[in-house]
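Let me begin by presenting the structure, written as structure tokens, before commenting on it.
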Amino acid sequence: MRFGFILSCLVTFLFSSCNDLKQDFKSQSISENWQFSEENDTTWMSANVPGTVQTDLLNLDMIPHPFKLNNEDSIQWISERNWIYRTKFSVNEEVLQKTKHLLNFGGLDTYASVFLNDSLLISTNNAFRSWEVDVSDILQLENNLKIKFQSTDSIEDKKASKLKYSLPEAPRVFTRKPQFQYGWDWGPTIKTMGIIRDISLQSYTTARLKDVFLQTKSISDSLAILKANIEIEASEYNEINLEIENKTTGNISTTSFVIDNNKTQYSVPITIKNPNLWWTHNLGDPYLYEFEIRLKQGRKTIDVVSKKVGIRSIELISEKDNHGDSFYFKLNGKPVYMKGANYIPQNIFLPEITSEKRIQLLNDVVDANMNMLRVWGGGVYEEDEFYSLCDEKGILIWQDFMFACAMYPGDAEFLENVKQEAIENVKRLRQHPSIALWCGNNENSEGWHRWGWKDGKTEAQQQEIWEGYYATFNHILPRVIDSLQPSVSYWESSPKFGRGDKRYQFEGDAHDWWVWHDGYPFEHFEEEVPRFMSEYGFQSFPSIEAIHYFTKQDSIDISHPSFKTHQKHARGFSLIREYMERDFPVPTDAEDYVYVSQLLQAHGITKGINAHRRAKPYNMGTLYWQLNDCWPVVSWSSIDGLGNWKALHFKAKKAFENILISTEEKDDVVEIFVVNDTFSEISDTLQVKHMDFKGNILSEEKTLVKSEANSSSVLKTFSFFEKEFDTSFTFLKITYGNEQYLHYFSKPKNLKLDIDEIDSEIIKNEDGFLITLQSETLQKDVFLSFDKKGKISDNYFDLLPNESKTVQFYTKMDNIELKVKTLNQLINKK
């Protein structure tokens, strides 16, 4: 009897527990069994969802790969035509009996008409928005879903014809889709079409958690106060319980209230004692609290949402000072120097970007000691996973709204579309502690005031265009931020002033393209340092592997016809050569030329990084253009379209370390800076060795010096007044603690680099191979390449005379063949 009683109680407990865990809310993915066809064609072909028309045709071998040769040109017809996607899906009886059914379209690119069971549900016009439609009265056990995509061309032409003037960069400005797909000076012209994000059916009977935002209200050492902002959508109006569990601390709070049709917004206070703060990875732990929010009716769970919360404050400080207007970020009340790059979408075909590729790229960001990325306005609001990874890895995000290098319409329909786009994306991303700034646009203001966009337009037309700009960037967007995420600043346009305005150096953020576009020497970066450099860059060739990929040949020929589409800047090749002639030897061998182009890029950009960091706190950020590519191409990236690190990425890794030794040569004196981005004072020995390329020490000094917390200062000078030495055969080896910096007195092309053997030792280990190198003479810019795929811990480094250097080559291969290239070899080539 006792055993039976216990068993009965156990069964009752398990049953009630299972019932407690069973959710009323159901979500069903609709990603299977899709077909597509060109409009008015009777042939239906299999399709992938998410996907695009272009990638579906590619998967069926119906078009050549647009990344190879000049195939980009041969697929332009696709976006000029209309396409239809269709599928069938079933709903079981249990789900169909629920009261509410919503079809959610995560992303449709772009002009689409959606039909369910032959009923028109919605017509869409924005690839940056999701779309939700109530299908409760249409849904059946068996359903037919059809989506018709219309070419952007005819719609854009129709909208353009309504204006009596041409908007700068029309026609792309009329369509809310990724602007880079219309062609950029680093990307192809491929205007994708298709279902670019998931489609799901969401069904419930009682209620659902439509939106949850755990907002940090105040932070102290002993207590963080949060407010849970909950939006509930209900079909039945009853008493509801809301459970909020901090799964990190184990605390659970329960609130009961009666929901009715007059109220959808609710708030609940939350506290966290002795909170751990979220920091960028270079300054602390990007700590995240895990929460679960449960909507319950009695013991029954209706809906569940999980959130990760980083407790932090972030402020943009832009205020008058003795120089102009400051521009810097405070994280948790402390000024933080921002180091990083501009991010563009990883693939022109957005659904082809996998979790693995996102993780790898963001690991590369952390490995290079970057703490900020700028998500550029000509691309996309990234997937949730991207921002979650940035949260976990401690990377801050400067987030542009998706407007770039153009003037956009100002009609009521367009502005309302933009407003809804902004509301949705701010609400979607505001929980992420990685979001540091919302910026209205990229270079629109600069273009209007400096690029000749006003030419040929009447005063009235100019006024109308500017009123449209003002409505979007000074009215709609800042109001959205103020209402939905007031803890994060809004910045109207990047840059604040174009480089043609003298204020660009003293106020706000700057884009400095005097180098590259205007041919200024790299030394310009040292002469005109702005308050925050949010764009500057220089091109280089991609890896040999990438060139093999798009030329489809084993040898390297930089005059290959495929470069017609894989060098998008009209003066790109001539500028690379012009700058190379100034500072480096110009090789005749194609592989050597590719190698030197990467050295040239790294030389120029790290010169800028060093100048910016030396100027701290006047300058408080340096974000170069650009981190990555959307296809294999000659571009400004530090990581090419196949994911390979260029020389710049390796050298930026050193230039972005928390403790940086940097030098500035003035007349007969070398000023030696130590830049300290940590919050601690450092006291250590600063050693300066003046050496020749054979390792002979000409002079040596050691000094115990202090580097103040969060500072940049000259801690020592090296005077060579009245000293006789060969500036092309000597250098300074400067060390401070574990940090090292090499100062050269001559340009790379003028260095007297000897040819000498490099001894190498290769040892197999569990991660791949350890490679140790040594030489009796200085070996400049040592580049190691292999016959197998893998990743190397360091490359393009200087091997000091009579000192060994060990690097790790990560690979799963059992054997490798090593190839070594150096600047020494090129300078001594006949």
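According to the calculation over all Cα-Cα pairs in the range 249-344, the P(r) per 10 Å bin from zero is 11, 29, 25, 20, 13, 2, 0 %. Which net charge results for the neighbourhood of PRO632, defined as the other residues with beta-carbon distances under 13 angstrom from its beta-carbon, given Lys and Arg at +1 and Asp and Glu at -1? Computed value for this residue: 0.
Local charge for ASN40 was computed over the other residues whose Cβ lies under 12 Å away, with Lys and Arg +1 and Asp and Glu -1, and equals -1. Ranked by the mean number of other Cβ atoms within 10 Å per residue, highest first, peptides 638-644, 263-269, 241-247 order as 638-644, 241-247, 263-269.
Using Cβ point charges alone (K and R +1, D and E -1), the dipole size of the range 312-445 about the Cα centre works out to roughly 520 debye. Each pair of Cα atoms in the range 120-166 enters the Kirkwood radius, and Stokes-Einstein at 20 °C and 1.002 mPa s then converts it into a translational diffusion coefficient of 153 µm²/s. Here the label points at GLU757 and GLN35, each 7 Å from Cα along the C-beta direction, are separated by 7.0 nm in the simple model.
Counting 0.36 nm for each residue step from LYS747 to SER713 and taking away their Cα separation leaves a gain of 9.7 nm.
Could you give log10 I(q)/I(0) at q = 0.15, 0.20 Å⁻¹ for the range 614-673, computed by the Debye formula over C-alpha point scatterers of equal weight, without solvent? The computed values of log10 I(q)/I(0) come out as -0.62, -0.85. The residues of the chain expose, per residue, 41 Å² of accessible area to a 1.4 Å probe. Packing order of peptides 767-778, 322-333, 364-375, highest average first: 364-375, 767-778, 322-333 (average count of other Cβ atoms within 10 Å over each peptide's residues).
On a 0 to 90° scale, report how tilted helix 384-393 is relative to the longest principal axis of the chain, with both axes built from alpha carbons and the result rounded to the nearest 10. Rounded to the nearest ten degrees, it is 50.
When the Cα positions of GLY394, SER638, MET62 are compared along the charge dipole of the chain, GLY394 comes out farthest toward the positive end, with charges on each C-beta of Lys, Arg, Asp and Glu.
Within a straight-line Cα-Cα reach of under 15 Å, LYS339 can be paired with the following aspartates and glutamates, leaving aside sequence neighbours fewer than 8 residues apart in one chain: ASP364, ASP367, ASP509, GLU535, GLU657, ASP677. State the Cα centre-to-centre distance between the range 504-547 and the range 40-98 in whole Å. Comparing the Cα centres of the range 504-547 and the range 40-98, I get a distance of 40 Å. Cross-link partners of LYS148 among lysines, defined as those whose alpha carbon lies under 21 angstrom from its own and excluding same-chain residues fewer than eight positions apart: LYS88, LYS158, LYS159, LYS177, LYS191. Considering the zone a paramagnetic label at SER574 would reach in this model (a point 7 Å from Cα along the Cα-to-Cβ line), which residues of the range 509-542 have amide N under 18 Å from it? Output list for this probe position: 514-521, 539-540.
Here the spin labels are modelled as points 7 Å beyond Cα on the Cα-Cβ line, and at SER785 and GLU231 they lie 5.3 nm apart.
From the coordinates of this entry, volume of the Cα convex hull per residue in Å³ is computed, and it appears in [x] 176; [y] 212; [z] 193 under the label [y].
Between ASN238 and LYS427, the C-beta separation translates, for a Förster distance of 30 Å, into a calculated FRET efficiency of about 0.70. When the range 503-619 is described by a simple charge dipole with +1 on each Lys and Arg Cβ and -1 on each Asp and Glu Cβ, the residue from LEU600, TRP516, ILE558 located farthest towards its positive end is TRP516. FRET efficiency for the LEU163 to LYS666 pair, using the beta carbon distance and R₀ = 56 Å, is estimated at 0.55. Electrostatic bookkeeping for LYS148 treats Lys and Arg as +1 and Asp and Glu as -1; over the other residues with beta carbon under 15 Å from its beta carbon, the sum is -2. Across the accessible surface of the range 598-660, with the other protein chains kept in place and a 1.4 Å probe, carbon and sulfur atoms take up 57 percent. Given +1 at the Cβ of Lys and Arg, -1 at the Cβ of Asp and Glu and no other charges, the dipole of the range 378-501 around its Cα centre is 340 debye to the nearest 20. For the range 407-469 versus the range 562-596, the spacing of their alpha-carbon centroids is 36 Å.
Bridgeable aspartates and glutamates around LYS227 (alpha carbons under 18 Å apart, same-chain partners fewer than 8 residues away excluded): ASP211, GLU243, GLU245, GLU290, GLU292, ASP482. The simple Förster model, with R0 at 41 Å and r as the Cβ-Cβ distance, assigns ASP482 and ASP153 a FRET efficiency of 0.65. What you get for the range 352-417, charging only the Cβ of Lys and Arg (+1) and of Asp and Glu (-1), is a dipole of about 320 debye around the Cα centre.
Ellipticity at 222 nm from helices only: DSSP H runs of n ≥ 4 in the chain, each -39500 (n - 2.57), divided by the residue count, give -6500 deg cm²/dmol. Each part gets one Cα centre, and for the range 752-830 versus the range 179-220 those centres are 44 Å apart. Size of the range 728-799 from its Cα atoms: along the principal axes, largest to smallest, the extents are 41, 32, 20 Å.
Between the residues LEU778, PHE532, PHE573, the greatest Cα displacement towards the positive end of the dipole of the chain, with unit charges on the Cβ of Lys, Arg, Asp and Glu, is found for PHE532.
Summarised in one figure, the compactness ratio Rg/Rh of the range 95-203, Cα atoms and Kirkwood Rh, is 1.08. With the simple spin-label model, which puts each label point 7 Å out from Cα in the Cβ direction, the LYS247 to ILE122 separation comes to 2.9 nm. Extension gain for GLN76-ASN274 works out to 65.5 nm (0.36 nm per residue, less the C-alpha to C-alpha distance). The length gained on full extension between GLN23 and TRP466, counted as 0.36 nm times the residue separation minus their Cα-Cα distance, comes to 154.4 nm. When a 1.4 Å probe is rolled over the protein heavy atoms, the share of accessible surface on the range 208-306 that falls to carbon and sulfur comes to 42 percent.
The values are calculated or read from the model by the stated rules, or taken from the named source; none is laboratory data. Keep in mind the model is a prediction, meaning the values are calculated, not measured. Don't worry about glycine lacking a Cβ; one is built from the backbone with ideal geometry, like all the others, and counts go over all protein chains shown. For the accessible areas, the whole protein counts, side chains as well, though only heavy atoms, and no ligand, DNA or RNA atoms are used. Shrake-Rupley method; radii C 1.70, N 1.55, O 1.52, S 1.80 Å.
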